[in-house]
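Scroll down for the structure; my scribbles are underneath it.
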Amino acid sequence: MGARQRDMAMAARRGVVWPLSIAPMMERTDRHYRFFMRQITRCTLLYTEMITTGAILHGPRDKLLDFSGEERPLTLQLGGDDPAQLAECARIAEAWGYDEVNLNVGCPSDRVQSGRFGACLMAQPWRVAEGVAAMRQATTLPVTVKHRIGIDGFERYEDLWRFVQTVGQAGCDRFIVHARIAVLRGLSPRENRTVPPLRYADVYRLKADFPEYVIDMNGGITTLAQGRAHLPAVDGVMLGRAAYDNPYLFAQADTLFFAANTLSPTRRQILEAMLPYVESWAVRGLPATRILRHMLGLFAHQRMAKAWKRFLSAPPQATGTASAVLRDALRCVPAEILDARPELSYEDGREAVTY
């Protein structure tokens with residue numbers, strides 16, 4: 001591809017906006033969770049777990065990268081800091097059929113820091129820019145960056161502004177901004193999701209200062225109503241733990257965020273759609289828990305939520321397979337819950353959900 005054609009393609013990509021996405025989460029957003037979520041929302045952008053460049057270049061790619069076509073649109077999130085390795089992984093992502101490649105500049109864990117990537121890279125915006133530029137040259141896919149608003153010692157808005165300016169000039173197609181700083185010394189990854197205060201105003205200001213960039217908001221958003229409330233000020237919103245703990249929250253996502261003219265799926269429809277999937281994996285020897293664990297929250301906030309979790313978590317010896325466990329679990333759920341559809345209303349900015 002010539003320089004002019006590449007510039008035109010980049011300009012076209014800049015117009016791509018995903019108003020709603022589900023965050024990459026380690027040990028959560030694997031292919032089975034993503035397939036499950038596709039029975040609930042067809043349009044929401046999904047992410048893989050973070051995969052390091054070293055794992056992709058030297059590990060079992062089929063196991064790490066394979067996905068079902070139903071999971072798309074799908075972004076591969078990379079962890080790494082070496083431009084050449086990032087570029088090669090971006091090429092692989094495109095060849096594998098992903099829709100986008102994302103660089104993790106937000107994870108605060110000690111393990112990630114020891115590899116010199118994740119949130120600690122916010123102290124080196126030029127290094128991130130080098131990685132983005134290398135990926136930009138290697139692929140026609142959108143290249144995006146997920147990052148914090150700052151880290152220890154780089155906590156000011158001015159530091160955030162400089163980071164986005166530097167990385168944006170390298171060709172980043174979208175910035176997904178977690179509206180908390182990452183405290184790299186003294187807080188665990190779990191504490192980093194809740195202890196540092198949310199600074200939504202900084203992300204709003206960032207979008208105002210860089211209207212030419214696509215800016216998404218992440219952090220502390222637990223309902224679709226909260227997400228929609230941010231959209232006048234940013235281009236998109238990302239939900240994380242709430243999407244895992246209460247997946248049926250997304251039953252209205254396609255209508256509310258993508259103007260889809262479709263009925264929300266019932267929980268019965270979701271579970272019945274999962275049966276052939278779990279059966280196909282059972283014959284391949286996959287342990288039942290690898291799929292069923294992602295479905296534990298499907299009845300969150302319902303009166304039989306605890307019973308559902310106990311049923312799916314019980315040892316499968318009596319029934320033998322994941323599909324058998326699922327069929328038995330279906331029989332224990334009242335029809336009025338299985339067949340209900342959500343109805344959303346907005347009162348004083350709060351989300352009221354009836355089932």
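The values are calculated or read from the model by the stated rules, or taken from the named source; none is laboratory data. Every value quoted in this text rests on a predicted model; they were computed, and no experiment measured them. Neighbour counts run over all protein chains shown; Cβ positions are idealised from the backbone, glycine included.
Could you tell me whether region 194-205 includes any residue that is in a helix (DSSP H, G or I), in contact with a Phe, Trp or Tyr (Cβ under 7 Å, 6 or more places away or on another chain), more than 21 Å from F117 (Cα to Cα) and not acidic (D, E)? Scanning region 194-205 turns up at least one residue that is in a helix (DSSP H, G or I), in contact with a Phe, Trp or Tyr (Cβ under 7 Å, 6 or more places away or on another chain), more than 21 Å from F117 (Cα to Cα) and not acidic (D, E). Does V234 fit the bill of being outside any helix (DSSP H, G or I) and either charged (D, E, K, R) or surrounded by fewer than 15 Cβ atoms within 10 Å (Cβ to Cβ) (or both)? Answer is no for this residue.
In this structure, is R241 more than 30 Å from Q169 (Cβ to Cβ), among the basic types (K, R) and either surrounded by fewer than 15 Cβ atoms within 10 Å (Cβ to Cβ) or in the same structural domain as F35 (by TED's automatic domain parsing) (or both)? Spelling it out, R241 is indeed more than 30 Å from Q169 (Cβ to Cβ), among the basic types (K, R) and either surrounded by fewer than 15 Cβ atoms within 10 Å (Cβ to Cβ) or in the same structural domain as F35 (by TED's automatic domain parsing) (or both). Checking I176, I221, I181 one by one, the residue that is crowded, with 22+ Cβ neighbours inside 10 Å, part of a loop (DSSP other than H, G, I, E, B) and in the same structural domain as G79 (by TED's automatic domain parsing) is I221 and no other. Every condition in (1) touching a residue at least 12 places away in the same chain (Cβ under 8 Å); (2) outside any strand (DSSP E or B) is met by G150 except one, and the failing one is (2). Could you tell me how many of the residues in region 184-218 are over 19 Å from V17 (Cβ atoms) and either exposed (fewer than 15 other Cβ atoms within 10 Å of the Cβ) or under 18 Å from the mean Cα position of the chain (by Cα) (or both)? Counting residues in region 184-218 that are over 19 Å from V17 (Cβ atoms) and either exposed (fewer than 15 other Cβ atoms within 10 Å of the Cβ) or under 18 Å from the mean Cα position of the chain (by Cα) (or both) gives 12. Before we move on, is T140 part of a helix (DSSP H, G or I), in contact (Cβ under 8 Å) with a residue 40 or more places away in the chain and touching a helix residue (DSSP H, G or I) at 6+ places or on another chain (Cβ under 8 Å)? In short, no.
One residue stands out in region 259-273 among those that are among the hydrophobic types (A, V, I, L, M, F, W, C) and modelled with pLDDT under 95: the one that is surrounded by the most Cβ atoms within 10 Å (Cβ to Cβ), namely A260.
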